[in-house]
1. Which condition breaks for N114 when tested against (1) within 40 Å of the chain's Cα centre (by Cα); (2) modelled with pLDDT under 95?
2. Looking only at the stretch 76-90, decide whether some residue is open to solvent by less than 100 Å² (accessible area, probe 1.4 Å), at pLDDT below 95 and under 39 Å from the mean Cα position of the chain (by Cα).
3. Looking only at residues in the stretch 1-15 that are outside any helix (DSSP H, G or I) and open to solvent by 100 Å² or more (accessible area, probe 1.4 Å), which one is modelled with the highest pLDDT?
4. Could you grab me the full set of residues in the stretch 16-59 that are among the polar types (S, T, N, Q), under 25 Å from the mean Cα position of the chain (by Cα) and open to solvent by 80 Å² or more (accessible area, probe 1.4 Å)?
Amino acid sequence: RVRVLDPQQFKQMQDIDEECKQFVTKINEFNGIVHGLVEALDAQAKNIEREKLRAIGQRNLVDSEAENRSRQQTAIHALINEKEAELARYTQQYESLLQVEAEQAKLIEKLSNNEA
């Protein structure tokens, strides 16, 4: 070979060439590591998003359950009020019938005494 450079400069260029190759290898390894890390972070982000949506769904379920219970409680109170009003009507009707029965018993007794 014909060398244009002096041996010391040639040795430095060879060392620099070797260092560049090592640097490129390390950069490629680093790129692979970064790529793996990005994939792992993407997978973790998907897991986090899925869990976030599940948590939102659970919160909505809890909120709707609270609303359902409130509606049920309102309906039960309305039914209780209706049944209490019905009981009051039946009680009043019963008392009225007792009064009519007592009046009829008096009338029967009075008529029986008049016949006797």
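1. Answer for N114: the failing condition is (1).
2. no
3. V4
4. Q44, Q58
The values are calculated or read from the model by the stated rules, or taken from the named source; none is laboratory data. Since the structure is predicted, the reported quantities are computational estimates derived from the model, not experimental observations. Side chains are part of the model used for accessible areas, which takes the heavy atoms of the whole protein and leaves out ligands, DNA and RNA. Shrake-Rupley method; radii C 1.70, N 1.55, O 1.52, S 1.80 Å.
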